[in-house]
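One structure below.
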Amino acid sequence: MKKISLEGRSLVTWKDYTKEEILYLLNLAIKLKQEKHKKITGQRFRGLSLAMIFEKRSTRTRCSFETSFGEEGGHPVFLSTQDIQLGGKESIQDTARVLGRMFDAIEFRGFKQEHLEALVKYSGKPVYNGLTDEFHPTQALADIMTLYEEFGRLKGLNLCYCGDGRNNVVKSLMIISAKTGINMTVISPEQLFPSEDFLEYCKKEGEKEGCSFTITSDMGKVKDADALYTDVWVSMGEENVKEERLSILKPFQINSAVMESTGKTSCIFLHCLPAVKGEEVTEEVFESPASRVWEQAENRKHTIKAIMLATLGVENKR
Ligand code: CP
Ligand code: NVA
């Protein structure tokens, strides 16, 4: 088997990664989870530092980066845009060049995908997308890890997402599903369908893996889903369209009747969190035995650690 090295790579979206590279990270994350549960950690990030830029709020992503880097001897530095010059006096290009000279890697959670791309271009260090308006790739790796743990495979699974069909979470899920052979259905109001170009891209990638891709407004298409996934109806930065969103997305809520209409008692419920219970999902489904949201949240940490170990080239160090 070809040896995989991801040293020096950034994670902007999963578009730049092959199936083999994604599965390599998935397997590494599974190993890291087992180690962590046995209280085995090393010093693999010793002598390394990580800049963590946050323009938007975060619980899971911040804690995953910060704790996994720190517990392996690395030095993570949290930089909120309330504190640093970025966005005020200093351009993203200049900030990137400074951080590139002081840190070994950079995490960015913010609004614009172009800012993330500028960090990649000007810092010369691995840069990780911790969520932008466009994509949330680290989330998607944790999501397929949760599916893999549940079903023991990815290829041929039926994943169905209901809700806002063009946000950062669903778009990252669409790419990673296409690359790993998961059949994906996105159920959304037409106004919130992803762009034609993006759909074309996912369909083409999916064809290589023999998986299907459906986009529809028909909630009846949850039939046969192995997992139902949803995300908030109003993403960070979109608060001004709240009223409109709530009204158009109401029919796309995941509730017990929707879970039942999959026709599969084994169907699980997934959510990237944080959740607004009573909107995209009912409390009943969220708290039901079918819910895997805490596994998903925990897997954020192991997958993020895997991404950093591999891109810093220290996954085999002790
Ligand atoms: N799912 C997720 O990204 O959570 P946070 O916003 O808490 O980081
Ligand atoms: N789509 C959500 C995801 C939060 C993790 C948002 O961008 O707010």
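The values are calculated or read from the model by the stated rules, or taken from the named source; none is laboratory data. Only a predicted model underlies this, so the values are computations on that prediction, with no experimental measurement involved. Note that we place each Cβ from the backbone using ideal geometry, even for glycine, and neighbour counts take in every protein chain shown.
Quick notes on this one:
- Residue count for the stretch 238-277 under the criterion of being under 25 Å from Ser58 (Cα atoms), β-branched (Val, Ile, Thr) and in a loop (DSSP other than H, G, I, E, B): the result is 1.
- If you check Trp294, Trp233 for being within 16 Å of ligand 2 (Cβ to nearest atom) and within 30 Å of Gly42 (Cβ to Cβ), only one passes: Trp294.
- Counted residues, the stretch 46-81 - those being in a strand (DSSP E or B) and of a type in the set (Ser, Thr, Tyr): 2
- Check on Ser261, small (Gly, Ala, Ser), more than 14 Å from ligand 2 (Cβ to nearest atom), free of Cβ contacts under 8 Å to residues at least 60 places away in the same chain and farther than 27 Å from Pro289 by Cβ: no
- Residues being surrounded by 17 or more Cβ atoms within 10 Å (Cβ to Cβ) and of a type in the set (Ser, Thr, Tyr) - total across the stretch 59-79: 3
- Single residue of Glu238, Glu244, Glu209, Glu205 found to be surrounded by fewer than 23 Cβ atoms within 10 Å (Cβ to Cβ), within 16 Å of ligand 1 (Cβ to nearest atom) and among the acidic types (Asp, Glu): Glu238
- In the stretch 80-92, residue nearest to Met236 (Cα to Cα) [restricted to those that are surrounded by fewer than 20 Cβ atoms within 10 Å (Cβ to Cβ) and not polar (S, T, N, Q)]: Gly87
- Considering residues of the stretch 148-182 that are within 16 Å of ligand 1 (Cβ to nearest atom) and either without any contact (Cβ under 8 Å) to a residue 12 or more places away in the chain or aliphatic (A, V, I, L, M) (or both) only, the residue farthest from Lys250 (Cα to Cα): Ile176
- Where strands (runs of 3 or more DSSP E) fall wholly inside the stretch 167-237, the ranges with 2 or more residues that are touching a strand residue (DSSP E or B) at 6+ places or on another chain (Cβ under 8 Å) and either among the aliphatic types (A, V, I, L, M) or over 26 Å from Thr265 (Cβ atoms) (or both) are 183-187, 227-230.
- Search result, residues across the stretch 179-197 that are among the charged types (D, E, K, R) and surrounded by fewer than 18 Cβ atoms within 10 Å (Cβ to Cβ): Glu190, Glu196, Asp197
- The stretch 222-239 residues that are under 19 Å from Pro189 (Cα atoms), paired with ones that are of a type in the set (D, E, K, R) and within 12 Å of ligand 1 (Cβ to nearest atom) (beta carbon under 9 Å, 6 or more apart): Tyr229/Asp143
- Filter pass, Lys171 being within 18 Å of Ala290 (Cβ to Cβ), modelled with pLDDT of 95 or more and basic (Lys, Arg): no
- Condition met for Gly42 (modelled with pLDDT under 95, more than 16 Å from ligand 2 (Cβ to nearest atom) and under 16 Å from Lys305 (Cα atoms)): yes
- Whenever a residue of the stretch 67-92 is closer than 18 Å to Arg57 by Cα and modelled with pLDDT of 85 or more, its partners that are assigned to a loop (DSSP other than H, G, I, E, B) and of a type in the set (Gly, Ala, Ser), lying with C-beta atoms within less than 9 angstrom and at least six residues away or across chains, give the pairs Thr81/Gly87; Thr81/Gly88; Thr81/Gly110.
- Qualifying residue in the stretch 112-124 (condition: acidic (Asp, Glu), within 15 Å of the chain's Cα centre (by Cα) and surrounded by fewer than 20 Cβ atoms within 10 Å (Cβ to Cβ)): no
- One residue alone among Ser10, Ser64 is within 26 Å of Ile182 (Cβ to Cβ), under 19 Å from the mean Cα position of the chain (by Cα) and within 16 Å of ligand 1 (Cβ to nearest atom), and that residue is Ser64.
- Scanning the stretch 290-307 for residues that are under 18 Å from Asn27 (Cβ atoms) and more than 13 Å from the chain's Cα centre (by Cα) gives Glu295, Lys305, Ala306.
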